[in-house]
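Computed from the coordinates by the stated procedures, all read-outs in this text should not be read as laboratory data. Everything numeric here is computed off the predicted structure, so don't read it as measured data. In this analysis, Cβ positions are derived from the backbone assuming ideal geometry, glycine residues included, and neighbour counts consider all displayed protein chains.
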Amino acid sequence: MGYKIEKVSFDKLKECYKDYPYALIYMMSELVFSKTEELKDIIWDECLEARFFGENGEIHLFQNNGDPECIMIEDNANDADVDTLVDQYKLNNRFLKLGSRLLVKRYIGFDEDGQAFIKLTRLADVV
């Protein structure tokens with residue numbers, strides 16, 4: 001497998017989100033997309049969903065039946081045989097200070113009949 005996925009606590013997310021270079025946060029009142037180091041205080045009670053990400057992984061906060069749930073995805077550097085796709089999406093003008101494109105990494109899985117499917121998608125980088 002080309003990645004490791006782990007459920008983590010909300011407290012763990014609050015401890016380690018600064019380890020990721022970029023943040024995409026959906027708040028009740030606004031959308032925040034910036035470098036993590038430039039974030040002001042996050043009002044966690046207003047946070048609907050958040051993705052802190054970089055080249056090697058992502059930590060994702062989302063709501064599950066009104067409760068925060070967090071997963072951490074880390075690339076497995078020793079597994080070069082994993083099929084992945086990296087798609088590029090042009091950023092809106094208001095986010096061009098970060099770069100011009102958002103990179104999204106998709107991990108491909110195969111079912112028992114050999115049919116390919118997207119097993120996991122995560123944000124990967126801004127270029």
Mind listing whichever residues of the stretch 85-112 are within 22 Å of residue 31 (Cβ to Cβ), aromatic (Phe, Trp, Tyr) and assigned to a strand (DSSP E or B)?
89
Would you tally the residues in the stretch 21-56 being of a type in the set (Ser, Thr, Tyr), surrounded by 14 or more Cβ atoms within 10 Å (Cβ to Cβ) and free of Cβ contacts under 8 Å to residues at least 40 places away in the same chain?
2
With the requirement that a residue be of a type in the set (D, E, K, R), within 14 Å of residue 61 (Cβ to Cβ) and surrounded by 12 or more Cβ atoms within 10 Å (Cβ to Cβ), what does the stretch 1-17 give you?
12, 14
With 82, 127 as the choices, which residue is farther than 19 Å from residue 31 by Cβ, surrounded by 13 or more Cβ atoms within 10 Å (Cβ to Cβ), over 14 Å from the mean Cα position of the chain (by Cα) and not basic (Lys, Arg)?
82
Pairing a residue in the stretch 98-127 that is among the basic types (Lys, Arg) with any residue that is assigned to a loop (DSSP other than H, G, I, E, B) and surrounded by 18 or more Cβ atoms within 10 Å (Cβ to Cβ), where Cβ atoms lie under 9 Å and the two sit 6 or more apart in sequence or on different chains, gives none
